[in-house]
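These notes are about the structure you will find just below.
Every number here is computed from the coordinates shown, using simple stated rules; none is lab data. Not measured: the values here are computed from a predicted model. Cβ: placed from backbone, ideal geometry, glycine included. Neighbour counts: every protein chain shown.
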Amino acid sequence: MISKDGTSIAMECAGTGPSLLIVHGGIGDHTRWKPLFPFLAPHFAVCAMDRRGHGASGDSADYSLRKEAEDVAAVIDSRPSPAFVLGHSYGGVCALEAAFITKNISKLILYEPAVVERNRNAVALKMENLIRAKKREQALIVFLQEIVLISPEEVTAMKSRPNWTELVSSVDSQIRQLRALDAYHFEPTRFGSLPIPTLLLTGGKTASPYLKRGIEGLMSALPNRRLIVLEGQEHNAMETSPEKFADTVSNFLLETDSNHH
């Protein structure tokens, strides 16, 4: 796919049915979501995209969150409409902002979108210095522990998964993303006009007050939303509990208004 500014956006798709686009978070790429394909492909034409600067997608010299939202919108507009969109973490912000650009999103799922303000500059500088010193893995651990506030046990579990190397190699792009989030202002009144049925997901064990406040802010701001707490989970439920996570997603996307509680 070619985005508005000419940047190429790659994606991988599987299955048949209504379109479901997955937008990955700050680290890694679309492959982090491929383990969910077997659970989603029977119901959806599921596509996981690589955000710009990640995976097989291109990049541009000038970067902004707006461009990320345009990338998501371009992919959605290329699909048979209307499409479902699932965004995780930073990708959740991109997906949410895309809803202001394209009219082709029929339902939205946001898993702990990083919408609430905080100053991440000190951590960004610390990570930058580690990357410069070729200590990429340490930079990723700093991000996980100080920004996402993932528990030490979960960080250890993440290290043992095969995609850890991809997460480490993608940590550089996290710096500009943290800076973009610092410049992002969450304005609740903007979202009052967004009628898209939205499912907000959060982990029952998520420690970050910012991720929690983001969910609370969207619960107050969005007119058509609902919340599901993933018990026993943190910020990685798609990896720690893939089948259950996929079921939660499918149930919300496939329900009709008649059995909507």
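Identify all aspartates and glutamates with a Cα-Cα distance to residue 135 below 15 Å; exclude those on the same chain that are fewer than 8 residues away in sequence. Straight-distance partners of residue 135: 166, 172. Cβ screening of the chain for cysteine pairs under 4.7 Å finds these without a partner: 94. Distances between placed amide hydrogens fall under 5 Å for residue 151 paired with no residue 5 or more residues away or on another chain.
Classify the chain from the C-alpha gyration tensor, please: rounded if a/c falls under 1.5, else prolate or oblate depending on whether a/b exceeds b/c. Rounded is the answer for the chain, as its axis ratio a/c remains below 1.5. Take the Cβ atoms of residue 121 and residue 226, set R0 to 22 Å, and the FRET efficiency comes out at 0.05.
How much mean residue ellipticity at 222 nm does the chain get from its helices, if each DSSP H run of length 4 or more adds -39500 (n - 2.57) and you divide by all residues, to the nearest 500 deg cm²/dmol? Please report the intermediate quantities before stating the final value.
On the way: 12 runs with 105 residues, N = 261.
Computed ellipticity for the chain at 222 nm equals -11000 deg cm²/dmol.
Counting every other Cβ atom within 10 Å of each residue's Cβ, 52, 161 order from fewest to most as 161, 52.
Residues in the stretch 99-112 carry Karplus couplings, in order, of 5, 8, 9, 10, 9, 9, 9, 8, 8, 10, 10, 10, 9, 6 Hz; the curve used is 6.51 cos²θ - 1.76 cosθ + 1.60 with θ = phi - 60°, and Gly or Pro positions show x. Averaging the sequence gap over all C-alpha pairs within less than 8 Å and six or more residues apart, then dividing by the number of residues, gives the chain a relative contact order of 19 percent. The string of couplings for the stretch 213-229 from the Karplus curve (6.51, -1.76, 1.60, θ = phi - 60°) is 5, x, 4, 4, x, 6, 4, 6, 8, 7, x, 10, 9, 8, 10, 10, 9 Hz, one whole number per residue in order, with x for Gly and Pro.
Springs between Cα atoms under 10 Å define the GNM used for the chain, and in it the highest mean-square fluctuation of 107, 212, 135 occurs at 135. The phi-based Karplus calculation (6.51 cos²θ - 1.76 cosθ + 1.60; θ = phi - 60°) puts the 3J(HN,Hα) values of the stretch 34-39 at 4, x, 7, 3, x, 7 Hz, whole numbers, x for Gly and Pro. For the set 4/134; 134/205; 34/67; 67/107, the pairs lying more than 27 angstrom apart at their alpha carbons are 4/134; 134/205. Taking amide H as placed 1.01 Å from N in the peptide plane, the amide H of residue 11 sits under 5 Å from that of 50, each at least 5 places away or on another chain.
If packing is taken as the average count of other Cβ atoms within 10 Å, what order do 125-134, 198-207 fall into, highest mean first?
198-207, 125-134
Placing unit charges on the Cβ atoms only, positive for Lys and Arg and negative for Asp and Glu, gives the stretch 116-168 a dipole magnitude near 260 debye about its Cα centre. An ellipsoid equivalent to the stretch 132-261, defined through the eigenvalues of its Cα gyration tensor, has semi-axes of 30, 20, 12 Å when rounded to whole angstrom and sorted largest first. How high is the relative contact order of the stretch 5-116? Use alpha-carbon pairs under 8 Å, at least six apart in sequence, and give a whole percent. Worked out over the stretch 5-116, it gives 29 percent. Within the chain, DSSP assigns beta bridges of which about 15% are antiparallel (rounded to the nearest 5).
Protection proxy ranking of 57-66, 174-183, by the mean of other Cβ atoms within 10 Å over each peptide's residues and highest first, is 174-183, 57-66.
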